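These notes concern the structure reproduced below.
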Amino acid sequence: MGADELNVFDLKGLATALDDKADYSLRRALEAVRVHLGMQVAYVSEFVEDRTYFREVDAPGLEHVVKPGDSMPLDYVYCQHILEGRLPELMPDVLNEPFAASMPFTTDMGIRAHMSVPIKLNDGRTYGMFCCISTEPQPSLNMRDLKMMRAVAELTAVLIGREIDATTEHRGNLERIQNVLDQDELSIVVQPIIRIADHRLLGFECLSRFAGPEDWTPDIWFKMAASVGLGLELEMRAVQKGLVLLDQFPRDLYLTFNVAPDTITSGALAQAIARRHAKRVVVEITEHASVDDYGALCSALNDLRVNGVRLAVDDAGAGYASLRHILALQPDIIKLDISLTHNIQDDLARNALAAALVHFGRETKSQILAEGVETAVELEALRKLGVGTAQGYFLGRPMRPGDALALVERLSTATSPLAQDMPRSAYAPK
């Protein structure tokens, strides 16, 4: 293939390669450019202090000469001299350049043709070089080829910039989560769950709260922890803090915990729940939880449920995933999503869907629990539909465990409904 012929077929995939993993995309770019130019070696280098490291190399048959991870001094190779103007970026025959011809690098590597352009990041830094080498002169190389390589180097800079940003973000997120664990910046609040018929307190849902200046919701923290490989550790920290409360609350009250499928299948949850507490524990799986293997999840859940742990599927009515969870996992409790509960008394569609889930619950012996109850009319509409249990701001906001214990004590002697007994001062932050 002549270097004057721009082989579009070889190069057209480079832009879309930016959506792939960095190393794979770089290999594709190097191979395409090397083949197009008729060269033997193509590589992307990275400058680290006074050395250049071969980050990615495409050199079929010459892997023994240069390979990823190798490094050389900057003043030994052409890179620094090109950047400082002593050598041109395009050298169809390096022996025509006296400075290059005199360099040990030229004779040691047997280089006769060379083309190299800098990889410039968005912040102006020179990351390294995009280079091609031939052991034979390439007199047909021209400015058109150089412009093409510069364009590919720009795409490579975008790709590497994204990778650097992702690495920086990952490192920052890892530090944030590790700090939460090390400094014990996770705390637990609890929200009451009541029986609608008589307003009897049945239990509490355990919810996580995080200290620090970031005004992030708990789901953001747990997603971040999962992204840096600390999802299991953070979830189990929350679970362990909640399980401690079981010895403080009366034995007729239960606690619910939101956990990811991976936490369940890890076996850590089963080890953490004492047998004496199992019947007072409810494990919740949300609509947003992705289940890759229902068989493995069901097996792990069976190990829990055989001891009395109950299963709840959260966010029912919010999407298709929750319905899949219900059918595959056969939960003990189905929690109606707040989007279904909100203004249910005025919406025929919401009312009909809730009624269908209530009927399904009766047929499958699953308890129905409505989330997000914020008004008395919503609670009354749910009662008429046959929904047995509920939680929400109307019945009690999330509160500190000490305030929950005080509430339990008051309710043991009070005759007023739970919603009327909740003091505003006991409310914990949302």
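Nothing in this text is a laboratory measurement; each read-out follows from the coordinates by a stated rule. Bear in mind that the values here come from a model prediction, so they are computed numbers and not experimental data. Here the Cβ positions follow ideal geometry from the backbone for every residue, glycine too, while neighbour counts run over all protein chains shown.
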Checklist entry - Expressed as a whole percent, how much of the Cα-Cα distance distribution for the chain exceeds 31 Å? => result 56
Checklist outcome for this item: Mean projected area, convex hull of alpha-carbon positions in segment 143-270, reported to one decimal in nm², is 12.6
Checklist outcome for this item: For segment 25-148, the charge dipole (Cβ of Lys, Arg +1; Cβ of Asp, Glu -1; about the Cα centre) points to a positive end, and the Cα of Cys79, His114, Ser25 closest to that extreme belongs to Ser25
Checklist entry - For the Cα atoms of the chain, what angle does the longest principal axis make with the long axis of helix 348-364, in degrees from 0 to 90, nearest 10? => result 80
Checklist entry - Looking at the chain, what % of its DSSP beta bridges pair antiparallel, to the nearest 5? => result 65
Checklist outcome for this item: Sorting Ser412, Pro68, Leu269 by the position of each Cα along the dipole of the chain (Lys, Arg +1; Asp, Glu -1; all at Cβ), the one nearest the positive end of that ordering is Ser412
Next on the checklist: With n ≥ 4 as the cut-off for DSSP H runs, can you work out [θ] at 222 nm for the chain, using -39500 (n - 2.57) per run divided by the number of residues, rounded to the nearest 500?
Outcome noted: -12000 deg cm²/dmol
Checklist outcome for this item: Set Lys279/Lys335; Lys223/Lys384; Lys241/Lys365; Lys223/Lys365; Lys223/Lys279; Lys120/Lys147, cut-off 26 Å on Cα-Cα distance; pairs above it are Lys223/Lys384; Lys241/Lys365; Lys223/Lys365; Lys223/Lys279
Next on the checklist: Springs between alpha-carbon pairs under 10 angstrom, Gaussian network model over the chain: which of Leu174, Leu382, Leu353 fluctuates most?
Outcome noted: Leu353
Next on the checklist: Step by step: find N for segment 205-262, compute 2.2 N^0.38 Å, then divide the Cα radius of gyration by it. What's the final number?
Outcome noted: 1.24
Item to check | For segment 240-331, the Rg and Dmax computed from alpha carbons only, in angstrom | outcome: 13.0, 38
Checklist outcome for this item: Mean shadow area (nm²) of the C-alpha convex hull around segment 8-168 is 9.1
Checklist entry - Taking neighbour counts of Cβ atoms within 10 Å as a proxy for exposure, in what order, fewest first, do Ser412, Ser116, Ser140 appear? => result Ser412, Ser140, Ser116
Checklist entry - For the chain, with only Lys/Arg (+1) and Asp/Glu (-1) charged at the beta-carbon, what is the dipole magnitude about the Cα centre, in debye rounded to 20? => result 1760
Checklist entry - Once segment 184-426 is represented by equal point scatterers at the alpha-carbon sites, with solvent omitted, what log10 I(q)/I(0) does the Debye formula produce at q = 0.07, 0.11, 0.15 Å⁻¹? => result -0.22, -0.56, -1.10
Checklist entry - Using Cα pairs under 8 angstrom and six or more residues apart, how large is the relative contact order of the chain, in percent? => result 10
Next on the checklist: Rounding to the nearest 10 and keeping the result within 0 to 90°, find how far the Cα-based axis of helix 143-182 lies from the longest principal axis of the chain.
Outcome noted: 30
